[in-house]
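Data block below; observations after.
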Amino acid sequence: MLSEKQTKEIRNHLEKAQNPLFFFDNDNDGLCGFLLLRRAYDRGKGVAVKSFPDLNESYLRKIDELNPDYVFILDKPIVAPEFILGLKERNIPVVWIDHHDVEVERESLDYVYYYNDTDTPVTYICWKVVENKEDMWIAMVGCISDNYLPDFAEEFAKENPDLFKKVDKAFDALYNTDIGKIGRVFNFGLKDSITKVVMMIKFLFKVKSPYDVLKESRENNFLWKRFEFLDGKYQKILEKAKNSVKDNLVFFEYSGDFSMSADLSNELSYLYPGKIVVVAYIMGEKVNVSFRGKNVLKITEKVINGLVGARGGGHRDATGASLSKGDLEEFKSRVEREVL
Ligand SMILES: [Mn+2]
């Protein structure tokens, strides 16, 4: 957990910022962390970062367009040094809050206010900064989406018995409760065009309660439409993936218009606890892979080692990697050798 002092520092930055710009990772943890800060201070704009894994230099164009006096970066493991340099040249302070287990280069650390806690999601860190009780449901959504059961879960269950019940695992809540359903709606909402993502964020700036999301209305029916469309596709792919279980390994390859690897690997790891889950999405000449399971970070590093252009990383039990399609067979046999 971040120290009291660090949490207070972040709060001070937010108070000073009159026109902050938030860059957040394009997932529920990034989104919910951003919403907590944005709703508490009621200032600034947010950009969901789609470049992966880094926040790259091209986003400097957003700086010149929106002219912020502060930049906050949420849930991104890597930020291009050129981006930081661009902010330094423009004299804009940067607060970077993350939870990935990564080394940041010295030159960036010298300029940035950097906060990292690998024990909790970024949403949880942001929750500790604001602790805005009426937004506890947003904190809940971000935490359980990142497979983390926060210390306020019990309190939340007591006060919201129809949205959430006491569970042993965060993913029980994600797949089996209404607060989890909101998480799944946000998640597919983020996988839409930039215009729609902006619409979603604007809608979420002003919602009063989780019921404003759960109850379909004129304001949110674009979200529900998207959810039903993508969830239909998702459930079909998930059914196929269930046939890819072999001993203690689930290895699933797919292609198509929609990349859902993180979601598939999360749900497969929930359905098959104790197994190593590897989901590979083939897109043209590239393959993006999601790993889940105990100590998969070590496995990830080992199986991509030496494959030309391959990269990967993440958390101890959840990682991502990319490689070229030509190496997929070799990659698969390495995984099997490592796991089976
Ligand atoms: Mn994230």
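Some observations on this one:
- Scanning segment 222-237 turns up at least one residue that is of a type in the set (Phe, Trp, Tyr), more than 30 Å from residue 304 (Cα to Cα) and touching an Asp or Glu at 6+ places or on another chain (Cβ under 7 Å).
- Only residues that are among the charged types (D, E, K, R) and either crowded, with 16+ Cβ neighbours inside 10 Å or not assigned by TED's automatic domain parsing to the domain that holds residue 186 (or both) were counted in segment 214-224, giving 0.
- Scanning segment 96-127 for residues that are of a type in the set (Asp, Glu) and under 22 Å from residue 39 (Cα atoms) returns a single hit, 98.
- Single residue of segment 87-104 satisfying the filter (touching a Phe, Trp or Tyr at 6+ places or on another chain (Cβ under 7 Å) and within 16 Å of the ligand (Cβ to nearest atom)) that is nearest to residue 2 (Cα to Cα): 97
- Residues of segment 256-277 classified as more than 18 Å from residue 52 (Cβ to Cβ) and either in contact (Cβ under 8 Å) with a residue 12 or more places away in the chain or in the same structural domain as residue 25 (by TED's automatic domain parsing) (or both), total: 11
- Flag set for residue 2, criterion: part of a loop (DSSP other than H, G, I, E, B) and crowded, with 19+ Cβ neighbours inside 10 Å.
- Filtered residue count, segment 105-126, keeping only those that are assigned to a helix (DSSP H, G or I) and away from the ligand (no atom under 15 Å from the Cβ): 6
- Taken as a whole, the structure leaves residue 174 outside the set of residues that are within 16 Å of residue 38 (Cβ to Cβ) and within 19 Å of the chain's Cα centre (by Cα).
- Scanning segment 270-285 for residues that are surrounded by 13 or more Cβ atoms within 10 Å (Cβ to Cβ) and not aromatic (Phe, Trp, Tyr) yields 271, 275, 276, 277, 278, 279, 280, 282, 283.
- Residue in segment 110-118 that is in contact with a Gly (Cβ under 9 Å, 6 or more places away or on another chain) and under 29 Å from residue 320 (Cβ atoms) present: no
- Summed over segment 51-91, the residues that are farther than 21 Å from residue 126 by Cα and more than 22 Å from the chain's Cα centre (by Cα) give a count of 14.
- Count of residues meeting criterion [assigned to a helix (DSSP H, G or I), within 16 Å of the ligand (Cβ to nearest atom) and surrounded by fewer than 17 Cβ atoms within 10 Å (Cβ to Cβ)] in segment 29-86: 0
- Of the residues 279, 308, the single one that is at pLDDT 95 or above and within 21 Å of residue 191 (Cα to Cα) is 279.
- Residues of segment 284-326 satisfying the condition of being in a loop (DSSP other than H, G, I, E, B), of a type outside the set (Val, Ile, Thr) and over 21 Å from residue 255 (Cβ atoms): 293, 294, 295, 305, 306, 315, 316, 317
- Count - residues of segment 140-154 that are in a helix (DSSP H, G or I) and within 15 Å of the ligand (Cβ to nearest atom): 5
- Among (1) more than 19 Å from the chain's Cα centre (by Cα); (2) of a type outside the set (Lys, Arg); (3) not assigned by TED's automatic domain parsing to the domain that holds residue 281 - the single one residue 180 does not satisfy: (1)
- Between 26, 19, the distinction of being among the polar types (S, T, N, Q) and within 26 Å of residue 259 (Cβ to Cβ) belongs to 26 only.
- Flag for residue 205 being closer than 20 Å to residue 33 by Cβ, in a helix (DSSP H, G or I), out of contact with any Phe, Trp or Tyr (no Cβ under 7 Å at 6 or more places or on another chain) and more than 16 Å from the ligand (Cβ to nearest atom): yes
The values are calculated or read from the model by the stated rules, or taken from the named source; none is laboratory data. Computed from a prediction, not measured in an experiment: that's the story for all the values here. For neighbour counting, all protein chains shown are included, and Cβ atoms are generated from backbone atoms with ideal geometry for every residue, glycine included.
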